[in-house]
């Protein structure tokens, strides 16, 4: 067992089923289509910064979260996790390799979504100020590589913790689609809690600032602070999944 | 060689495997028998490091499974043939497993040929019949050309041709000096496959030794004799003081062997149409020994043979 061997095994595993390709395709197509509709039909009164081209990145991240959860949790369903541990009884190298491979695949999708969305917006609104000039512009677009990579790790962690794909997906979708948006409605403290939600944090590093502008929020952290915060959550969940899977019976 | 020492696994307060010690020798096929729920699969999962024993150890050539480097090169195990992603082709399935232990893709094609799946190598495993899945599972076990092989119910779902194939494969593997450890519910099949036996019931060891000794325990069943001259034979047997009973127009004689009975019949002028020692079968020996240890007994009718 070497690092190269387990990485190769996890790469073959991930790319030899249809699911990751479908998820990657859906993530990119949905994100670009949404961006096209947004820039084509929503009247933007001069507020078109480069970060607003990432309006659909959260959609892409949710699809990647689904991809990563399925990549980990279905292994328990089909029994291939047991085969993996039979082949790599120390377990941790195989789980690290899975994180690395799913993370890298997610990062590639993130870069496609980031640059693809920017390109679509640029083509539709060539007059707008969408050139990649400042560091912040580059961060908003290329930064999707990082936020998607971390989302991939988060998904693998959730898959390892839940083991059951349906439970893990249910939790992730309820979280991203309901809880993160609904906390705003809690009286008094809702806005403050909202600013500590993980995917809000990811958006502050690389995404649109629509809700911030709409709710007139003053986020407590800067973009890099939010990246560190989001990254810490993802790495903690991934590590927890790894440690529990290492200890439990397969 | 496989060596289990005091192997114990409990789930809560239920003991699945209870202080189990046995060995499986090099160059022999060791059958692993036990009623449903006796703890066979749990034991095999512990052998492969998938489950942690509550106490005790199981070693392969003196090493715990988890200490093995590239374990597939030492131990090939098939616990469950359905352990595969249905959307992945047979070849890709074997490729990723081979990759973990640094085995070349060429070896994948070799084992596919060996188990007769080369023509469906690029078919999704989800479309496989149970028999094809079993062959894929066996291919997985053979990937690393290991010196120790573990199979849990390998003939399940195979057609007669497949069963004969597995039996020959096990014998060939053992003849090559490998340790073959195989569990099965199919006793007649096991009788033809295994040379040694490990029998467990309710997680405890019931028997460990050779198949011959085990079957020998079910002897003392008598000799079956058919003859058109039954009255003469009856008289001769009574004079000799032998115990016998009648069954379907034949005599079942105990305490005399077939030589004695043949001579006795010759002396009495009785022609014999049948003279057959009723040797014990694996099934009889097994039933006698495990009757007490059946987990899911059904009263009088004990259904241990699937």
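Legend: translational diffusion of the stretch B:223-277 by Stokes-Einstein, Rh = Kirkwood radius over C-alpha pairs, 37 °C, 0.692 mPa s; D = 309 µm²/s. In the protein assembly as shown, the DSSP beta bridges split such that about 65 percent are antiparallel, to the nearest 5. In the stretch A:143-248, one over the average inverse separation of all distinct C-alpha pairs is 14.6 Å, which is the Kirkwood hydrodynamic radius. Under the criterion of Cα pairs below 8 Å and six or more residues apart, the relative contact order for the stretch A:1-64 equals 44 percent. Over the residues of chain B, the helix contribution to mean residue ellipticity at 222 nm works out to -10000 deg cm²/dmol, using -39500 (n - 2.57) for each DSSP H run of at least 4.
Averaged over peptide A:75-84, the number of partner chain Cβ atoms lying within 10 Å of each residue's Cβ comes to 6. One quarter of the convex hull surface built on the alpha carbon atoms of chain B amounts to 19.5 nm², the projected area averaged over directions.
Counting only DSSP H runs of at least 4 residues, each contributing -39500 (n - 2.57), and dividing by the residue count of chain A, the helix-based mean residue ellipticity at 222 nm comes to -23500 deg cm²/dmol.
The three principal axes of the Cα atoms in the stretch B:21-146 give end-to-end lengths of 43, 33, 27 Å, sorted in falling order. With a/c under 1.5 counting as rounded, go ahead and sort the stretch A:1-95 into rounded, prolate or oblate using the C-alpha gyration tensor (a ≥ b ≥ c being the square roots of the eigenvalues; past the cut-off, prolate if a/b is larger than b/c, else oblate). Since a/c reaches 1.5 and a/b is larger than b/c, the shape of the stretch A:1-95 is classed as prolate. With a simple spin-label model that places each label point 7 Å from the Cα along the Cα-to-Cβ direction, the separation between residue B:245 and residue A:42 comes to 9.0 nm. Expressed per residue, the C-alpha convex hull volume of the stretch A:77-127 stands at 76 Å³.
Report D for the protein assembly as shown in µm² per second (integer): Stokes-Einstein, Kirkwood Rh on Cα pairs, 20 °C, 1.002 mPa s. Using the Kirkwood radius from Cα pairs, D works out to 77 µm²/s. Simple spin-label estimate for residue B:129 and residue A:77 gives 2.7 nm between the two label positions (7 Å along the Cα-to-Cβ direction from each Cα). Largest first, the three principal axis extents of the alpha carbons in chain A are 59, 42, 29 Å in whole numbers.
On a 0 to 90° scale, report how tilted helix B:105-114 is relative to the longest principal axis of chain B, with both axes built from alpha carbons and the result rounded to the nearest 10. Long axis of B:105-114 versus the principal axis of chain B: about 20 degrees. Only Cα pairs under 8 Å and 6+ residues apart enter the sum, and on that basis the relative contact order of the stretch B:2-209 stands at 32 percent.
Look at where the Cα atoms of the stretch B:68-82 and of the stretch A:175-250 average out, and the two centres are 42 Å apart.
Here the relative contact order of the stretch A:3-247, from alpha carbon pairs under 8 Å that lie six or more residues apart, stands at 26 percent.
Across all directions, the average projected area of the convex hull around the alpha carbons of the stretch B:197-261 is 6.3 nm². Neighbouring Cβ atoms from other chains, within 10 Å of the Cβ of residues in B:78-91, number 4 on average.
Fully extending the segment from residue B:82 to residue B:271, taken as 0.36 nm per residue of separation minus the present Cα-Cα distance, adds 62.3 nm.
Values in this text are rule-based calculations from the coordinates and carry no lab data. As the structure is a computational prediction, the values presented were derived from the model and not from experiment. In this analysis, Cβ positions are derived from the backbone assuming ideal geometry, glycine residues included, and neighbour counts consider all displayed protein chains.
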